[in-house]
Every structure is written in C-alpha cells, then in structure tokens.
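So the structure is just underneath, and the comments pick up after that.
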Amino acid sequence: MQKKAVIVQDISCFGKCSAAVALPVVSSFNIECALLPTALLSAHTGFSRYTCFDLTQQMQTALDDWKALKLEFDGFFSGYMLSDRQAAIALETLRSLVKKDALVLVDPVMGDDGKAYAMLNDSFGEKMRELVSRADVITPNLTEAALLLEREPVLEGYDEAYIEKSLYELKKLGCKIPMITGVSFEKGKIGVAFLENNRVSFVFSKKYDGVTCGTGDVLSSVLFGALLSGAGTSKAVSKAVSAVEKAIKGGVKNYGIDFECLLRS
Ligand code: PXL
C-alpha cells in the first residue's frame, strides 16, 4: 500500500523551495503527501521584496478536519514555520495523526550563516527542541545546530571532533539520528555528518558555487522519501547529497536550483 506522509512547510509562490520542492520530490517516491501549509509567500525571503501571509488559523482548522476524518500518516516531515504557535500545532499533528512507528523527520529551519531568522523568538527554540525530541532524524545546518544547543555558531575552522561532539549533544535532545548539513573541512567539498548506532559518518560531494535557497529542502525531501521507502541511513544520505549536487549544478544555468532534474527519469 502507498504510504501517506504529512508535510509541514510554507508555500513560497516563486523561488523553488519548501513545499514547491517537498511535494514533487516526496511524491516521486510514490508516497502520498498531505500538506499542512504554514504560510503563503509571494516569493521566498531571499528576495528583496516579498509578502508573507500567516496560515496559523488554517493549520489549526485543517488539523481539526483531519482529526475528524480520522486520517493516519506513516511519515511526518516538517520544515519552515513562522512561530512557536505553529510548532505547537505541528507537535499536536504528530501526537494525534501520525502512527507510533512512523518516520519523523524534522528540519529545524531556524537560521543560516550564523544568524537566527528575524521572526523567531526564544519560545520558538523551546518548541522546536520539543519537536526534535520526537524525531527520528533531524537535519540542522551548523547555525541551526548551534541554536538548538543554545550556543554561538561556529561556521569555519572547526574539525571532525567538533562536529562529532555536536552530534552527540544533539542526540541528547532526544532524536534518534542527528545529522548536521553543510559540513566542510576542505575547500571545494561539502556534505552531511550523521550519528547512528554510536558511530559518526560523513558523506561529501563536490561544492559548487551558485544558488543555495532550496538546497536544504532538496536534501531533506530526498532523505525523507528514501528513508520512508525503506532505504538504510547511509544509502539515503548518499542519495540526498548527490541530489543536492545535481540540483545546484543544473541551477547555475537556470534561475534557482534545478530540482526538476530529479523528477526526470
Ligand atoms: O528553503 C528554505 C526556505 C523556506 N521557506 C522560505 C524561505 C526559505 C529560505 O530562504 O525563505 C519562505
């Protein structure tokens, strides 16, 4: 039977990220996707001009409808949210609609380049840590890992020991398999570190300069689709890292990442 997943993401109407990437990519794994949209934006926040319509109310009513319909999901995948209230609704979704043995992937979208996103406050961090404690897999970048661990981000000059220590600390937040994305020890190479069964592994690819908005969404979407389809962690991470490499490589020519290349068979 086809698996069903609930995806908590914003709809950025222009700019190829969040739900616009997650829905087609996860669907390409033959998984049925239900979207719980957090916000409707004219374009993602990387543009010089955009408008953002907060969908908290709609999230709550959709959740009420889905409860009444007795929907049940085999997977839960969350990304961009606007507030602690939305994170609380995501938690309630997880508690009430997601099967006990479901795959739970939380991408704790909280910041980048050493800075927390402006609209997020301390209670968002608390709610996000609660969501993380219920997750099988989390995919923070270096900035988000530091925000979750409540310390200053280190973006350069770190070594393997620093990443390993951070992964063990993230695991203490209660998730099963912590990952850190955007890890780079040498110029021209970038990848993902993850901790599973007391072992830290790294998967790297070539680093391309170019568009980056949406790359985290490609990574988490492929990872989620592959894991929910039964792939082991190493295989799923390799698939996700190489998908990001392809999408960035193609994106240099086009506007935005070329995630569409992943949908062509
Ligand atoms: O890809 C992450 C993302 C998701 N949603 C919105 C964004 C971004 C990145 O900038 O602006 C609205």
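Going through 106, 137 one at a time, which residue ends up being farther than 24 Å from residue 44 by Cα, open to solvent by less than 60 Å² (accessible area, probe 1.4 Å) and touching a strand residue (DSSP E or B) at 6+ places or on another chain (Cβ under 7 Å)?
137
Could you please find all residues in segment 130-164 being within 19 Å of residue 200 (Cβ to Cβ) and part of a helix (DSSP H, G or I)?
132, 142, 144, 145, 146, 148, 160, 161, 162, 163, 164
Could you list, ordered by first residue, the pairs with Cβ atoms under 8 Å in which the first is in segment 91-119 and of a type in the set (Ser, Thr, Tyr) and the second is assigned to a strand (DSSP E or B), at least 6 apart or interchain?
Between residues of segment 91-119 that are of a type in the set (Ser, Thr, Tyr) and residues that are assigned to a strand (DSSP E or B), the close pairs are 93/6; 93/8; 93/36; 93/76; 117/111.
Name the pairs whose Cβ atoms lie under 6 Å apart, with the first residue in segment 208-231 and over 19 Å from residue 78 (Cα atoms) and more than 15 Å from the ligand (Cβ to nearest atom), the second in a helix (DSSP H, G or I) and not basic (Lys, Arg), and 6 or more positions between them or separate chains?
Going by the 6 Å Cβ cut-off, the qualifying pairs are 208/248.
Can we say residue 27 is of a type in the set (Ser, Thr, Tyr), in contact with a strand residue (DSSP E or B) (Cβ under 8 Å, 6 or more places away or on another chain), closer than 26 Å to residue 2 by Cα and away from the ligand (no atom under 13 Å from the Cβ)?
yes
What residue, among those in segment 1-14 that are touching a residue at least 40 places away in the same chain (Cβ under 8 Å) and over 17 Å from the mean Cα position of the chain (by Cα), is most open to solvent (accessible area, probe 1.4 Å)?
Among those residues, the one meeting the criterion is 3.
Residue by residue through segment 180-231, note down the ones that are charged (D, E, K, R) and either out of contact with any Cys (no Cβ under 6 Å at 6 or more places or on another chain) or open to solvent by 50 Å² or more (accessible area, probe 1.4 Å) (or both).
Hits for segment 180-231 are 186, 187, 189, 196, 199, 206, 207, 209.
Can you confirm whether segment 35-50 contains a residue that is more than 13 Å from the ligand (Cβ to nearest atom), farther than 22 Å from residue 177 by Cβ and modelled with pLDDT of 95 or more?
yes
The values are calculated or read from the model by the stated rules, or taken from the named source; none is laboratory data. Note that the structure is a prediction, hence the values are computed from the model and not measured. Please note: Cβ atoms are built from the backbone with ideal geometry, for glycine as well, and neighbour counts cover all protein chains shown. These area figures cover heavy atoms from the full protein model, side chains too; ligands, DNA and RNA do not enter into them. Shrake-Rupley method; radii C 1.70, N 1.55, O 1.52, S 1.80 Å.
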